[in-house]
Amino acid sequence: MEQLVDDLGIGDLAQLAHHAALTWEEAAKGAATVLGFAGADLEEPLCELGARSLVDDIAERPPQQWGRLHTQAVRAALYLCLADLADALIDASESTPTPLRWRNGAQQGQESAEACISGVKRHILVDRAEALPPPEMPIWSHPEVAPVQFTWRWQLRPGTPERITHNCGTFSTPFAARHAAECAVTAMAAGRCDL
């Protein structure tokens, strides 16, 4: 997961942070890591002030104006947010997921890919599942604006005329939904799981 986050350019990194509805607390932990503070240090006034200052700067600047510390702090925060998800997905697939070639779907916000599983061609679609209020205010939201956090799902569709579609979970970002689909496809192709 860290390698996937590291490979993102500044625009995709900012988009992932927005889709993940990164909160001030999550961003502060990433900032503290980059600034060299340990977890307990964040309670110290000077450490908290340093982390708050960096997070405020990230929230106020457009991504094109982020410096090295800004991008490192966002990456570190995303590592922490996605770590549990990554562990669960790797446990499920028991191997490195096979990357799929994703392309824009028929509707805005959708992405699709194809995979051959046990000799059968399957279509995979990632799209929005529902909109939920986030548990905490994302750092880019103004307090007077009620933020909306979209959740995402991936679907496995048959490559044949049959119309059976399997909806698979909800995820906080399309990035996570794509990664989950890749892990599941890898496990299914190896015969380790089925829907």
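If I ask for residues that are within 15 Å of His19 (Cα to Cα), modelled with pLDDT under 80 and surrounded by 19 or more Cβ atoms within 10 Å (Cβ to Cβ), which ones from segment 73-132 would you list?
Scanning segment 73-132 gives Cys81, Leu82.
When you scan segment 151-159, do you find a residue that is open to solvent by 30 Å² or more (accessible area, probe 1.4 Å), in contact with a strand residue (DSSP E or B) (Cβ under 7 Å, 6 or more places away or on another chain), modelled with pLDDT under 75 and in a loop (DSSP other than H, G, I, E, B), even just one? Talk me through it step by step, then tell me what you get.
Of segment 151-159, the ones open to solvent by 30 Å² or more (accessible area, probe 1.4 Å) are 153, 157, 159.
From what is left, the residues that are in contact with a strand residue (DSSP E or B) (Cβ under 7 Å, 6 or more places away or on another chain) are 153, 157, 159.
Subsequent filtering for residues that are modelled with pLDDT under 75 retains 159.
Of the ones still in play, those that are also in a loop (DSSP other than H, G, I, E, B) are 159.
The answer is yes, given that some residue of segment 151-159 is open to solvent by 30 Å² or more (accessible area, probe 1.4 Å), in contact with a strand residue (DSSP E or B) (Cβ under 7 Å, 6 or more places away or on another chain), modelled with pLDDT under 75 and in a loop (DSSP other than H, G, I, E, B).
Kindly indicate the residue of segment 166-186 that is touching a helix residue (DSSP H, G or I) at 6+ places or on another chain (Cβ under 8 Å) and aliphatic (A, V, I, L, M) and also surrounded by the fewest Cβ atoms within 10 Å (Cβ to Cβ) among those meeting that condition.
Filtering first and then ranking leaves Ala180.
Mind checking which pairs have a first residue in segment 56-71 that is under 13 Å from Gly30 (Cβ atoms) and a second that is open to solvent by less than 50 Å² (accessible area, probe 1.4 Å) and outside any helix (DSSP H, G or I), Cβ under 8 Å, 6 or more apart or different chains?
Ile58/Trp66; Ile58/Ile139; Ala59/Ile139
Condition test on Val185, is it more than 16 Å from the chain's Cα centre (by Cα) and either at pLDDT 75 or above or of a type in the set (Lys, Arg) (or both)? Step through it out loud before you land on a result.
Values: more than 16 Å from the chain's Cα centre (by Cα): yes; either at pLDDT 75 or above or of a type in the set (Lys, Arg) (or both): yes.
Here the answer is yes, as Val185 does meet what is asked.
The values are calculated or read from the model by the stated rules, or taken from the named source; none is laboratory data. None of these values were measured; they are calculated from a predicted model. Glycine gets a Cβ as well: all are built from the backbone with ideal geometry, and neighbour counts include every protein chain shown. Accessible surface is based on the protein model in full, side chains and every heavy atom, while ligands, DNA and RNA are left aside. Shrake-Rupley method; radii C 1.70, N 1.55, O 1.52, S 1.80 Å.
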